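Single-structure report; data block below.
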Amino acid sequence: MATAVEQAFRICGARVICPFSGRDEVRDLHVRGGVLCADAGPDACVIDADGLAILPGFVDLSAHLGDPGYLWRETLVTGSRAGAAGGFTTVVASPDTDPVIDRGPLLANLEQRAAAVSGARVRFAGALTERLAGMELAEIGCMVDAGAAAISDGGRAVGDALVLRRALEYAQPFGVPVILRPAEPELEKDGVVHEGPVALRIGLRGLPSASEEMGTGRAVALARLTRARVHLHGISTAQAVRQVRVAQEQGLDVSCGIPARNLILVDEDVARSQYDTSLRLLPPLRTGTDREALLQAVRDGVAMVTAGHVPLSRVEKEHEFERSAPGGAGLESAFAATLTALDGDLALVAEALSTRPASVLGERAALSEGCRADLVLVDPLAETCIGAPQFSMGVNEPLSGRTLRGAVKATMVAGRWAFNTLLP
Amino acid sequence: METVRSSEVLTADELQRAIRRLALELVERLGTPDQFVLVGIVTGGEILAGQLADALEALEGTRPVVGHVDITLYRDDLYTGLEKPVLGETALPFPVSGAGIVLVDDVLFTGRTVRAAFDELWDYGRPAWIKLLVLVDRGHRELPIAADFVGRHVSTERSDRVVVDFGANGGVALQQAPEGRT
Amino acid sequence: MSDSTARVARRKDMLGLRGVSREEITQILDTAAQIRRVNRRRVKKVPTLRGRTVVSAFFENSTRTRMSFDLAAKRLSADVLGFSAGSSSTKKGETLMDTARNIDAWRPDCLIIRHPSAGAPHMLAKAFDWSVINAGDGIHEHPTQALLDMLTMRDHLGTLEGRTVAIVGDVLHSRVARSNIFGLTTMGAKVVVAGPGTMCPPTLEALGVEVRHRIDEVLEDAHVVMMLRVQRERLGKAVMTEVAEYARLYGLDLDRLQRARPDVLVMHPGPINRGVEMTPDVADGERSVVLEQVSNGLAVRMALLYLLLGEDGGDGDRG
């Protein structure tokens with residue numbers, strides 16, 4: 001791999017879209033030594049990318065990679081590959097592992113192992129509370145020093161408002177984003193689908209929108225109080241994006257990510273699928289009205305898009321709907337889902353999947369000279385028939401069976417091909 | 001649509017005459033109508049049994065007890081098609097055990113319907129005896145079953161259909177399948 | 001012999017009444033009304049399903065529904081195999097699909113399943129080619145209960161069209177109520193529900209019913225009052241206050257009954273908590289048709305087995 005970094009490439013004929021610099025034109029892109037440069041030199045490997053588009057590499061802020069502890073779901077290696085195949089150059093692994101990533105040494109050890117992966121760059125979010133139990137604070141400082149990209153309780157929502165306040169206060173001086181799932185845990189007990197007429201009809205217990213609304217309200221209020229940087233992961237309701245919009249207008253450092261599938265699917269799809277457990281998701285699929293509000297939030301720059309990657313095995317999904325584990329794989333389908341949902345608007349896709357999430361990590365996702373060569377080549381006109389994930393170990397692709405627009409052709413991470421269907 | 005060739009076997013009048021003759025035969029061979037009961041097989045046999053009872057009443061002044069059986073639940077061909085036959089009614093307003101029963105059907109063909117009717121009657125009790133009366137015997141038996149009283153023997157092809165209409169303008173018709181089809 | 005055939009195409013499964021047409025419900029009720037005669041004979045058995053294998057898998061306790069299904073299958077001469085969660089390996093970590101694959105290896109013709117999770121019967125119906133009858137899935141549906149309720153109502157009311165049925169109790173968490181609501185509204189009846197806000201929230205209107213909160217508001221116009229069973233031990237946190245309050249606000253007693261139509265039918269899916277949902281004099285009174293419900297349950301289940309059980313390579317001709 002070390003030699004790959006020295007390699008030089010000239011990628012020709014693609015439409016290069018960089019929302020960060022505002023440039024959107026057909027031009028050649030030169031890469032040498034892992035960074036974008038003006039001229040890759042005469043020995044550069046020439047890649048014909050005619051008809052393709054180049055976007056800054058996608059960044060996902062919270063993916064379950066199952067490592068350590070759930071190696072039948074995913075490992076750093078497979079998760080990294082799945083990320084690269086989906087166009088992601090950076091994937092932040094959430095701390096819902098066994099043991100939970102709640103200590104500096106564990107995170108440092110994982111960072112070491114992650115240095116060896118061949119796909120997307122893998123970074124880690126350290127736990128906000130010990131064992132994600134929502135009671136005592138985890139070793140936030142040590143984990144930041146060990147390289148934590150963010151602090152998060154993963155899929156768990158912190159129920160105790162005082163603990164949440166203290167956690168935000170504690171994390172704030174370290175400058176890392178705190179990633180929260182906005183929810184009111186007591187309101188979500190036994191719930192498996194969006195609470196509404198569909199749930200009523202098909203006899204499944206509901207997860208009320210009110211839970212997300214309250215979780216968001218509390219996070220926004222505490223962000224105001226503590227001045228912490230808060231990123232809300234897995235927003236799914238119209239009410240929650242409205243609250244985030246207001247918070248941003250008031251100048252708070254609050255951002256949010258919407259699972260790409262929630263821009264396509266709605267709760268009625270659960271009924272239509274006759275209890276297909278790959279549609280048991282957290283956050284759940286909501287109503288058409290919610291979906292419209294989510295799309296508008298992405299268009300307006302209020303929200304970004306996340307893969308919402310929770311890979312699960314057959315054994316965890318092949319159950320009755322209520323008993324199957326919640327979650328869906330998403331790294332490999334997120335781009336096509338987002339492009340389809342955003343009607344083929346590549347510049348908006350680049351903002352939603354690259355620029356905005358990178359900025360949460362304090363990074364610039366740009367395609368200018370001198371920038372790290374994190375980029376993705378996509379075919380915007382290809383039709384992709386979504387099936388089971390090919391690189392992830394998860395079997396649960398909620399969009400399975402759907403034909404979406406766009407396909408990832410190659411992904412470059414710091415000048416190295418992490419995924420490539422173009423090279424001979 | 002392909003044409004179905006239809007020929008008349010009995011006119012409405014002839015059908016009524018056949019019923020009266022069958023009624024006469026019943027009295028001759030079995031005695032007065034209080035010595036037996038009529039049980040029609042739903043639906044054609046049920047209508048025939050009613051008309052026979054009318055004829056017997058006109059003839060003898062007494063009307064026999066009439067019942068009917070729907071043999072659907074006893075059929076041996078329930079699992080061959082996509083549609084299930086509609087269940088009809090069974091009504092046997094007399095104790096079956098010890099009864100002398102004249103089983104009545106409009107057309108006797110393979111004999112399977114009669115077999116099913118036997119089975120059903122036995123589940124209601126043990127009759128003293130059973131005689132079989134049919135309006136038309138069209139042959140092609142698949143079981144060793146014979147009628148005791150027959151209105152008319154008709155020679156048919158296996159693929160033909162015998163249509164009985166007990167209405168005032170009805171009669172019995174033989175419908176032949178179109179050429180080249182069986 | 002007549003050529004009368006079913007008015008509606010055969011279906012493979014009976015998973016719920018939602019989406020089942022009026023014609024089909026009518027066909028099932030008509031068939032049940034005819035098939036009842038078998039239960040009144042000396043020989044209470046017909047050979048209709050001879051050689052068929054019916055497996056009843058109950059992952060939730062229920063003696064009565066299970067016995068009713070077993071008896072229905074036996075009266076049609078099917079072989080019945082019982083299978084209950086307690087005696088099976090489901091408690092040893094086997095998934096429902098694993099269990100079903102084992103059952104499949106016995107080549108059954110029909111599976112009757114009761115399961116605490118909504119959609120469990122649907123999952124099996126999708127995966128296997130045998131018929132599946134839902135005998136209750138979570139809080140979703142219990143179609144045979146609703147069919148027997150509708151048969152009982154039709155026996156007394158002649159038709160369901162334009163009739164008013166009041167359902168009182170925990171409608172939100174009741175599969176009996178859900179199936180009845182789907183079936184009754186399809187048949188043109190009006191359904192009014194009453195219960196505490198935690199059991200009859202206004203959102204229930206999405207199911208096409210009227211929501212009231214006092215039993216007295218629904219009694220006057222109702223042709224049928226269906227009282228749902230209160231299962232306090234199964235209710236979640238803070239759904240219900242003291243039983244005495246429930247009985248006082250939503251229980252049916254003679255006093256209340258006198259304000260109803262004189263020919264009102266009182267129904268209950270059983271078993272009744274006497275003194276809670278209704279007083280003993282109402283439960284055993286002349287307006288109660290609870291025992292008719294039980295006997296119609298047998299008929300409806302026989303009818304469904306008759307209508308569902310599939311074709312094979314049988315020998316064709318008849319006559």
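The figures follow:
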quantity	calculated
Euclidean distance between Cα centres, region C:99-152 to region A:42-58, Å	55
Interface C:B - total buried accessible surface [probe 1.4 Å, Å², rounded to 100]	3200
Cα centroid of region A:71-129 to Cα centroid of region C:210-232, whole Å	56
1.4 Å probe accessible area per residue over the protein assembly as shown, in Å²	39
Rounded to the nearest 20 debye, dipole of chain C from Cβ charges on Lys, Arg, Asp, Glu	780
Shielding score for B:68-76, defined as the mean number of other chain Cβ atoms within 10 Å	5
Peptide B:100-109, shielding by other chains (average Cβ, 10 Å cutoff)	1
Amide H contacts under 5 Å for C:ARG212, placed H, 5+ residues apart	C:VAL193, C:ALA194, C:GLY195
For chain C, Kirkwood radius (reciprocal of mean inverse C-alpha pair distance, Å)	20.4
Average beta-carbon neighbours from other chains, 10 Å sphere, peptide C:36-49	4
For region A:38-174: rounded, prolate or oblate by the Cα gyration tensor [a/c cutoff 1.5]	prolate
Cross-link reach list, lysines versus C:LYS74, counting only Cα pairs under 24 Å and skipping chain neighbours closer than eight places	B:LYS84, C:LYS12, C:LYS44, C:LYS45
Sulfur and carbon atoms: percent of accessible area, region B:14-156 [1.4 Å]	50
Cβ crowding within 10 Å averaged over residues, with A:120-130, A:214-224, A:61-71 ranked highest first	A:120-130, A:61-71, A:214-224
Threshold 40 Å² - residues in region B:119-144 whose accessible area is reduced by that much or more when the chain is no longer isolated, probe 1.4 Å	B:ASP123, B:TYR124
Accessible-area composition of chain A, carbon plus sulfur, in percent [1.4 Å probe]	50
For region C:178-256: relative contact order, % (alpha-carbon pairs under 8 angstrom, 6 or more apart)	26
Where the Cα pairs of region A:79-132 fall when distances are cut into 10 Å bins, in %	26, 49, 23, 1
Between region B:40-65 and region B:114-128, the Cα center-to-center distance that results, in Å	20
For A:CYS45, residues with placed amide H under 5 Å, excluding near neighbours	A:ALA8, A:PHE9, A:ARG10
HN-Hα J in Hz across region A:345-358 - Karplus 6.51, -1.76, 1.60, θ = phi - 60°, x for Gly and Pro	7, 5, 5, 5, 4, 4, 5, 5, 9, 10, 4, 5, x, 4
Taking the convex hull of Cα positions in region B:14-156, its mean projected area over all directions (nm²)	8.6
MRE, 222 nm, helices only [DSSP H, n ≥ 4, -39500 (n - 2.57), over chain C, to nearest 500]	-10000 deg cm²/dmol
Relative contact order of region A:72-231, pairs being alpha-carbon contacts under 8 Å that are 6 or more residues apart, as %	18
Burial order of peptide ranges B:7-20, B:59-72 (average beta-carbon count within 10 Å, highest first)	B:59-72, B:7-20
Among A:CYS256, A:CYS37, A:CYS45, residue whose mean-square fluctuation peaks in a GNM of chain A (springs only between Cα atoms under 10 Å)	A:CYS45
Formal net charge of residues neighbouring C:CYS200 (Cβ-Cβ distance under 13 Å; K, R +1; D, E -1)	-1
Most to least packed among B:44-50, A:350-356 [average Cβ atoms within 10 Å]	A:350-356, B:44-50
Accessible area that becomes buried as A packs against C, both chains, 1.4 Å probe, Å², nearest 100	1800
Between 0 and 90°, nearest 10: helix A:209-226 axis offset from chain A longest Cα axis	70
Accessible surface of region C:171-291 [probe 1.4 Å, protein heavy atoms]: carbon and sulfur percent	49
Ratio Rg/Rh, restricted to the protein assembly as shown and using Cα atoms, in which Rh is the Kirkwood radius	1.12
HN-Hα J in Hz across region C:254-266 - Karplus 6.51, -1.76, 1.60, θ = phi - 60°, x for Gly and Pro	4, 4, 5, 4, 5, 8, 8, 4, x, 9, 4, 9, 9
Where N is the number of residues in region C:229-318, Cα Rg divided by 2.2 N^0.38 Å	1.63
Per-residue HN-Hα couplings for region C:271-286 [Karplus 6.51, -1.76, 1.60; θ = phi - 60°; Hz; x = Gly/Pro]	x, 7, 8, 4, x, 10, 5, 8, 6, x, 5, 7, 4, 9, x, 6
Cα gyration tensor, chain A - rounded (a/c under 1.5), prolate or oblate	prolate
Nonlocal amide H pairs with A:VAL16, under 5 Å, H built at 1.01 Å	A:GLU25, A:VAL26, A:ARG27, A:ILE54
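The values are calculated or read from the model by the stated rules, or taken from the named source; none is laboratory data. The structure presented is a predicted model; accordingly, all values stated were derived computationally and were not measured. Note that we place each Cβ from the backbone using ideal geometry, even for glycine, and neighbour counts take in every protein chain shown. Side chains are part of the model used for accessible areas, which takes the heavy atoms of the whole protein and leaves out ligands, DNA and RNA. Shrake-Rupley method; radii C 1.70, N 1.55, O 1.52, S 1.80 Å.
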